[in-house]
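The block underneath contains the structure these notes are about, expressed in structure tokens.
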Amino acid sequence: MDEGKEKILDKKSSRRSFLKNSGIAVGGLVLGGTLGSLFTNKNGTQGPVTTTQNGGQPDFTEALQFFRRTSDFDTIAAAMDVIYPEDSNGPGAIALNAPYFLDKQLAGQWGTNTYEYRKEPFQEGHTPLTNGAIFIEGARKLKELAKSEYDASSFTELDEEQKIAILQKLEAGEVEMNLISSSAFFGLLRNVTLQGCFCDPLYGGNKNMDGWKMKEFPGAQMSYLAYAQSDEFLVIDPISVGGHKH
Amino acid sequence: MVTVLPKVDVVTTGMGWAGGIVAAELTKAGYNVVGLERGEERSVEDFLLCHDEYKYNIRKDLMQKLNKDTLTFRNTRKDEARPVRSESDLVLGTGTGGGGTHWGAQAYRYFPYDFEIRSKTIERYGAGKIPDNMLIQDWGITYEEIEPYYTKFEQMAGISGEEDPLAGPRSAPYPTPPLLMAPQLQMFHDAADRLGYHPYRVPAGNVSEVYTNPDGETLNACQYCSFCGSYGCEYGAKSDPIVTVIPTAKKTGKFELRTHALVTRILKNGNKVVGVRYRDIRTGEEFDQLADVVALTSYIFNNVRLLLLSKIGQPYDPDTGKGIIGKNYTDHHTILGATGYFEEKKFNNFIGTGAWGSAYNDFNADNFDHTNVDFIHGGQIEMHLLGNEPITNNPVPPDTPSWGKEFKDKSIYYYNRTLSVVSQRAFLPYKDNYLSLDPVYKDDYGDPLLRVTFDYHEMDFKRHEFLSDKCVKQLEEMGADLVVPHPMQEHFSGRFTFQHDGGGAIMGSSPKNSAVNNYSQMWDYENLFVCGSSAFPHFGPMNPTPTMGALTYRATEGMMAFLKNGGGLVIQPK
Ligand SMILES: Cc1cc2nc3c(=O)[nH]c(=O)nc-3n(C[C@H](O)[C@H](O)[C@H](O)COP(=O)(O)OP(=O)(O)OC[C@H]3O[C@@H](n4cnc5c(N)ncnc54)[C@H](O)[C@@H]3O)c2cc1C
Ligand code: SF4
């Protein structure tokens with residue numbers, strides 16, 4: 001496991017125990033010293049993770065543009081991390097910053113379906129909801145299911161198997177949702193998770209190009225002419241579009 | 001208030017390959033051409049930062065946005081059509097270059113059999129081989145007649161390739177040598193040789209070496225950069241109208257490009273057309289551009305839609321079989337085969353070009369005996385190295401979930417350990433597959449959208465099973481440990497993913513069975529030329545662009561003859 005990731009995980013668990021142990025009141029802003037600032041929602045669950053990079057400087061782009069309620073964001077993030085979990089290959093969706101990728105996408109034209117045909121009537125199977133509305137609806141539904149199925153106060157609190165069971169129900173279309181089928185919501189969630197793990201890091205996902213490194217994908221290289229006939233498998237350090245010099 | 005603009009010799013309705021070829025040829029011959037294009041003007045500078053899968057391949061940045069208009073789609077006449085809403089389901093060119101900017105540039109010819117499919121099928125197997133509801137017909141042009149125009153397109157586009165021993169005869173070799181032989185392709189060739197087939201490297205518009213075309217335009221050498229089909233080429237190494245025919249037209253001083261110009265009607269007077277009406281989509285202003293010749297170059301969907309909206313030609317009625325506009329629509333988005341999983345081998349699958357591949361045609365066209373199979377025509381067995389992008393490519397063996405731990409582990413493991421062999425196959429026209437105007441959904445300006453009615457037929461499944469089996473055998477011979485055939489869906493999904501559509505304004509030898517003659521000239525409106533794959537009476541087995549390019553070159557000769565003679569049909573009906 002790479003070092004940065006370990007740090008993030010440590011921090012998460014220490015945050016959790018910090019909250020538990022200190023019994024800090026819910027709903028308020030906690031100034032956590034070395035833990036950085038974090039928000040809690042009504043249920044006292046953990047807010048967005050403020051990861052640090054570059055010698056301890058916070059990455060200020062890891063903040064929310066679209067989601068208003070951090071609990072919605074955390075819920076979706078937790079679901080993404082089940083869809084693409086951390087394992088011996090490398091980081092999962094949260095450590096790859098896929099949730100921040102999604103938040104940024106929802107804040108832009110994709111979140112409001114600006115370039116899609118939106119005229120009525122919306123027939124069966126076509127949702128009138130925008131992508132932004134779908135993710136809010138989805139987050140609330142996940143929370144509701146955590147409560148109804150496991151009597152938990154949030155989806156993030158569930159153990160992995162419980163989260164998987166809920167996502168499987170959604171995938172199978174077995175959950176009643178407002179103006180969209182649960183399988184359509186799940187399909188979208190699954191696709192954006194992969195997008196967030198493997199997009200160019202310029203979008204805020206695929207942090208440190210770790211997604212590409214796992215897949216041994218060299219990123220936005222300019223030319224492979226010299227390698228086109230190579231019989232050997234090539235491991236090439238990836239580069240991002242941000243690394244292009246034209 | 002519509003502003004009427006002075007008459008020019010020729011006006012085009014789009015500036016992709018078809019519009020570009022018309023503009024280049026007519027201006028070189030001294031005629032004035034106005035090119036109307038709904039999108040923006042593009043140059044190679046637009047592509048310098050385009051190695052970005054999310055922006056270009058997932059969000060389709062270079063392609064037409066669907067918010068103002070789209071298609072509607074249904075499988076059968078009993079269904080209610082629904083609009084195709086998302087850009088991931090309908091990929092269309094826009095801006096100068098059109099689809100020719102983000103094509104993969106696989107540059108095939110069709111087979112002699114394609115052009116005379118009806119007569120040759122009957123000659124060899126008897127009329128009983130053709131189902132009653134299948135509308136195949138001879139194209140009104142033979143391979144020998146179209147061959148010089150294929151050559152012209154290939155010379156202009158700098159196509160890199162080697163001769164396919166099973167294709168029609170060529171009057172000239174490809175202008176540039178084939179792309180390099182990758183190790184995976186060598187495996188393909190060796191296996192095909194052992195099986196007794198005839199492999200060749202596929203013709204590519206990813207040009208293999210620096211090439212200057214007969215018009216003096218220079219294409220650079222392909223860098224195997226992997227961001228090719230769906231992307232623009234930052235090297236000017238992919239053949240694209242913006243580095244070939246459009247600069248050629250501009251050099252003459254006789255070409256005027258107007259962008260953001262959406263053509264909404266063809267204007268007519270009696271049995272002639274007099275120009276087109278277009279709208280500046282930024283300001284909403286409307287203009288009538290008058291012209292002696294109107295060239296429809298807006299890709300099949302808008303070619304057909306403009307004819308229907310302008311009430312030109314008789315719309316096809318599937319109940320009576322009467323009418324021609326909209327008839328013989330074919331979709332070609334079913335490219336299936338099999339995926340091979342290799343436990344011990346890792347491939348540099350991240351290296352590719354849009355047209356890097358090898359293929360064989362032993363099971364294509366009428367290259368094999370169909371007496372004992374329940375279908376006609378066939379497909380090409382082919383393998384491509386397109387540069388596998390990481391969002392889109394997550395190969396996992398069957399029974400693996402599509403998410404979670406096992407999915408992650410296996411999709412990473414197999415990412416560079418799989419190869420796919422696919423077959424592009426012909427799609428033949430049926431009575432109930434057609435184009436018409438949608439009764440419900442409209443565009444932003446209140447005009448009805450075009451409606452596609454399309455589904456598969458029995459022969460499509462039979463052909464699929466046959467070819468799929470060949471793909472499986474090919475991969476087994478290549479040493480794959482596990483070979484998984486791709487299933488064919490029971491119904492066409494309505495995902496239009498790489499601009500392979502044909503028909504709707506088909507060509508032929510007489511107005512009884514066609515909208516246009518073999519110069520793409522409308523029988524009923526002599527100064528209207530409908531250019532592009534809308535003229536295909538059926539969809540040949542492989543990618544369409546050289547065939548539509550060849551027909552457009554021929555159409556330009558028709559336009560010149562028409563202008564020179566001051567009118568008349570360039571060819572008489574048979
Ligand atoms: C991802 C992808 C990969 C492909 N790969 C291959 C390949 O490897 N090989 C191959 O042979 N083919 C390939 N194709 C198909 C190829 O792009 C098309 O066959 C070709 O571009 C068709 O050319 P055209 O000029 O007829 O239409 P287009 O290229 O679509 O050009 C039509 C132009 O008209 C404009 N237009 C449309 N309507 C109007 C209107 N009303 N008013 C004004 N302007 C209008 C459009 O904006 C567009 O610029 C691919 C396509 C895609 C999308
Ligand atoms: S693969 Fe070749 S032709 Fe295609 S975009 Fe890259 S350099 Fe250009």
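Other residues lying with their Cβ under 13 Å from the Cβ of residue B:271 contribute a combined charge of +1, Lys and Arg counting +1, Asp and Glu -1. How tilted is helix B:183-195 with respect to the longest principal axis of chain B? Cα atoms for both, answer in degrees (0 to 90, nearest 10). Between helix and principal axis, roughly 80 degrees.
Per-residue Cβ neighbour counts within 10 Å put B:69, B:409 in the sequence B:409, B:69, beginning with the fewest. Computed from Cα positions, the angle between helix B:545-565 and the longest principal axis of chain B comes to roughly 20 degrees. Assign one of three labels to segment A:90-245, namely rounded, prolate or oblate, based on the Cα gyration tensor with a ≥ b ≥ c the square roots of its eigenvalues; rounded applies when a/c is under 1.5, prolate when it is not and a/b is larger than b/c, and oblate otherwise. It is prolate, given that a/c is not under 1.5 and a/b is the larger ratio. For the pair segment B:333-356 and segment B:533-574, the centres of their Cα atoms are 36 angstrom apart. Of the residues B:10, B:173, B:555, the one whose Cα sits farthest toward the positive end of the charge dipole of chain B, with +1 on the Cβ of Lys and Arg and -1 on the Cβ of Asp and Glu, is B:10. Across segment A:67-117, the relative contact order, built from alpha-carbon pairs under 8 Å that are at least six residues apart, equals 27 percent. Each Cα pair under 8 Å and six or more residues apart adds its separation to the average, and for chain B the resulting relative contact order is 22 percent. Each of the GluC sites (Glu not before Pro) that DSSP puts in a loop and that has at most 15 other Cβ atoms within 10 Å breaks chain B; the longest unbroken stretch is B:345-489.
Between segment B:392-414 and segment B:290-324, what is the separation of their alpha carbon centroids in Å? First find each Cα centre; the distance between them is then 46 Å.
Taking trypsin sites (Lys or Arg not before Pro) across segment B:1-70, none is in a DSSP loop with at most 13 further Cβ atoms lying within 10 angstrom of its Cβ.
Remark: for residue pairs B:120/B:512; B:65/B:473; A:104/B:405; A:147/B:405, the C-alpha separation exceeds 29 Å in B:65/B:473.
The angle separating the long axis of helix B:17-28 from the principal Cα axis of greatest extent in chain B is about 50 degrees. Cross-linked pairs B:7/B:152; B:345/B:408; B:7/B:28: Cα-Cα separations exceed 23 Å for B:7/B:152.
Going from the residue with the fewest nearby Cβ atoms within 10 Å to the one with the most, B:461, B:496 rank B:461, B:496. Neighbour counts of other Cβ atoms within 10 Å put A:194, B:386, B:49 in the fewest-to-most order B:49, B:386, A:194. When you restrict to C-alpha pairs under 8 Å that are six or more residues apart and normalise by the size of segment B:197-259, the relative contact order lands at 27 percent. Only beta bridges with both residues in the protein assembly as shown are counted; by DSSP, about 70 percent of them are antiparallel. Per-residue mean of foreign Cβ neighbours for A:232-239 is 3 (Cβ atoms of other chains, 10 Å radius). All other residues whose Cβ lies under 14 angstrom from that of residue B:238 are scored, Lys and Arg at +1 and Asp and Glu at -1, for a net of -4. Report summary: the helix-based calculation at 222 nm, which adds -39500 (n - 2.57) for every DSSP H run with n ≥ 4 and divides by the residues of chain B, gives -6500 deg cm²/dmol. For the residue pairs A:141/A:207; A:207/B:410; B:346/B:410, the C-alpha atoms sit more than 23 angstrom apart in A:141/A:207.
Values in this text are rule-based calculations from the coordinates and carry no lab data. Everything quoted here is computed from the prediction, not taken from an experiment. Here the Cβ is made from the backbone with ideal geometry for all residues, glycine too, and neighbour counts use every protein chain on show.
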